[in-house]
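The values are calculated or read from the model by the stated rules, or taken from the named source; none is laboratory data. This is a predicted model, so every value here is computed, not measured. For neighbour counting, all protein chains shown are included, and Cβ atoms are generated from backbone atoms with ideal geometry for every residue, glycine included. These area figures cover heavy atoms from the full protein model, side chains too; ligands, DNA and RNA do not enter into them. Shrake-Rupley method; radii C 1.70, N 1.55, O 1.52, S 1.80 Å.
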Amino acid sequence: MEIEMLTAVLLLCILIFFALGAQVGLALGGIAMGVGYLTWGDSLFNIIPTTLESTYFSFILLAIPLYIYMGQLLTKSGIGDAMFNFSQMIVGRLRGSLAISVIGVCSMIGAMVGIIGAGIMTSGSIALRPMLERGYNKRLALGVIMAGGGLGILIPPSIPMIMFAASTQNSVGRMFLGAMMPALLTVVMLIAYVIISCWLNPDRAPMDHEQEQAPELPANEKFKIIRDGLFSMLLIVAVLGSIITGIATPTESGAIGVAGAILLAIVFKRFKWKMFTEAGFQTGILVSVAMWIIFGASVFSNFHLLMGVQNMVAGFTEGLDMPPIMIIIMFQLIMLLLGFIIDEFIIVLMCAPLFTPIAVSLGYDPIWFGVLMIINILIAVQTPPYGFALFYLKGIAPAGVTMGEIYKSVTPFILVNLSVLILCMVFPEIVLWLPNMVMG
């Protein structure tokens, strides 16, 4: 079968299976096995042991369950509450301070967890109702939680970044460093949007009502909030610092994060055996799902790559006779469209080994392209109608909040993230300056 026809058949099968609600990992693996058997016969089954070995015996991918476990410990122990209170105190009595605090908390949680759900679930459960009760515009309240919650995949240590580095044989440390400036730029632009929008339309965040609801805290309470917040920040420094300085690999830093999360729970007197076991069970469920998805996607991508899809895409891009930057933009559009129907892990596993070698052959840095991919995914998961961030938020939103309201709230924040993507494309040094300075 010609590679073009094979690709069309595979994509059609994916759309049909996803429309029928099939499990992502089983659907991808099953499609590859079915079509591959008809194409290759029994020789296809040689892919299975090699894929199993590369997937389940990869030291770097062991970081995934560790970071998920760390995130569950942070969520179950209530350390997210401490981080929110600390952020709220730093911001102070500024108009829209609650919304700004949500962005700050999501940034800190994302820095420790590396996944989208934890930031949205934690910040949404803590801050959405208080913002609505204090008269915040509903779209603003919903939008900042969605936008901030998605930051988990852009702020190191990000699990999709680890997957990108593993699947393209690039440095995880350089990837993390490359994402830090775009992540900081995104946070600053989100906060600037909140401040400017509230200044232009004060009704979006009523100041007088907020002042009434936020009495001055006694000194001992302030000390406790600052102490807990600083201890939480130390965990971020330990996890990221150990990777950047080369003291630990991303996997070892995940173990440091788990130990640190347990230690923080003990220090904050939040450690309970029930919390510990619940975090473990939830991690087991999430890891099981994640590993099936990774395995199914790896079988699918390996079969497609062995059939020669890279040569097909390379020939297609050469035949277009377009400038290299237009090819990069085309890749961004493809990934953005994929993000409407599948989650971030699948996009990385499918597109990273396919697009990155072509980007490198065009003269672009793989770390720059990888960070563009992560920002692109960040936009996709917030985009209606199927963005995953939308459904995370709907799960913890009050009963009166409809999906229509959630859809409407996300537009300005998507535009902010899109602006960051364009800036990083136009000025690659935003991504490459820090890794080049630190790691050469």
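One table, with the values for the structure above:
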| item | result |
| --- | --- |
| Meets criteria (open to solvent by 20 Å² or more (accessible area, probe 1.4 Å), touching a residue at least 40 places away in the same chain (Cβ under 8 Å) and within 16 Å of the chain's Cα centre (by Cα)) for Phe345 | yes |
| Check on Ser54, among the polar types (S, T, N, Q), modelled with pLDDT under 75 and under 28 Å from the mean Cα position of the chain (by Cα) | yes |
| Among residues of the range 81-123, those that are modelled with pLDDT of 70 or more, part of a helix (DSSP H, G or I) and open to solvent by less than 50 Å² (accessible area, probe 1.4 Å), counted | 21 |
| Residues that are part of a helix (DSSP H, G or I) and either small (Gly, Ala, Ser) or more than 14 Å from the chain's Cα centre (by Cα) (or both), drawn from the range 159-174 | Ala165, Ala166, Ser167, Thr168, Val172, Gly173, Arg174 |
| Yes/no for Ile347 being farther than 30 Å from Asn137 by Cβ and either in contact with a strand residue (DSSP E or B) (Cβ under 6 Å, 6 or more places away or on another chain) or of a type outside the set (Ser, Thr, Tyr) (or both) | yes |
| Failed condition for Tyr392, given (1) over 21 Å from Ala99 (Cα atoms); (2) touching a residue at least 12 places away in the same chain (Cβ under 8 Å) | (1) |
| Filtered residue count, the range 268-285, keeping only those that are closer than 28 Å to Met233 by Cβ, open to solvent by 60 Å² or more (accessible area, probe 1.4 Å) and not in a loop (DSSP other than H, G, I, E, B) | 4 |
| Single residue of Gly148, Gly143 found to be closer than 19 Å to Val420 by Cα, modelled with pLDDT of 85 or more and surrounded by 24 or more Cβ atoms within 10 Å (Cβ to Cβ) | Gly143 |
| Residue tally, condition assigned to a helix (DSSP H, G or I) and at pLDDT 75 or above, over the range 299-315 | 5 |
| The range 128-158: number of residues that are assigned to a loop (DSSP other than H, G, I, E, B) and under 24 Å from Leu74 (Cβ atoms) | 5 |
| Residue match in the range 10-26 (condition: modelled with pLDDT of 75 or more, surrounded by 15 or more Cβ atoms within 10 Å (Cβ to Cβ), under 29 Å from Gln282 (Cβ atoms) and aromatic (Phe, Trp, Tyr)) | yes |
| Pairs where the first residue, in the range 364-381, is closer than 18 Å to Pro412 by Cβ and the second is part of a helix (DSSP H, G or I) and aromatic (Phe, Trp, Tyr), C-beta under 6 Å, 6+ apart | Val381/Phe388 |
| Condition check for Gly370: modelled with pLDDT of 80 or more, at negative phi and in a helix (DSSP H, G or I) | yes |
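Yes/no per residue for (1) at pLDDT 90 or above; (2) open to solvent by 30 Å² or more (accessible area, probe 1.4 Å); (3) under 15 Å from Leu336 (Cα atoms); (4) not polar (S, T, N, Q):
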{"residue": "Ile358", "(1), (2), (3), (4)": "no, no, no, yes"}
{"residue": "Asn376", "(1), (2), (3), (4)": "yes, no, yes, no"}
{"residue": "Tyr386", "(1), (2), (3), (4)": "no, yes, yes, yes"}
{"residue": "Pro398", "(1), (2), (3), (4)": "no, no, no, yes"}
{"residue": "Val401", "(1), (2), (3), (4)": "no, no, no, yes"}
{"residue": "Lys408", "(1), (2), (3), (4)": "no, yes, no, yes"}
{"residue": "Leu418", "(1), (2), (3), (4)": "yes, yes, yes, yes"}
{"residue": "Glu429", "(1), (2), (3), (4)": "yes, yes, no, yes"}
{"residue": "Pro435", "(1), (2), (3), (4)": "yes, no, no, yes"}
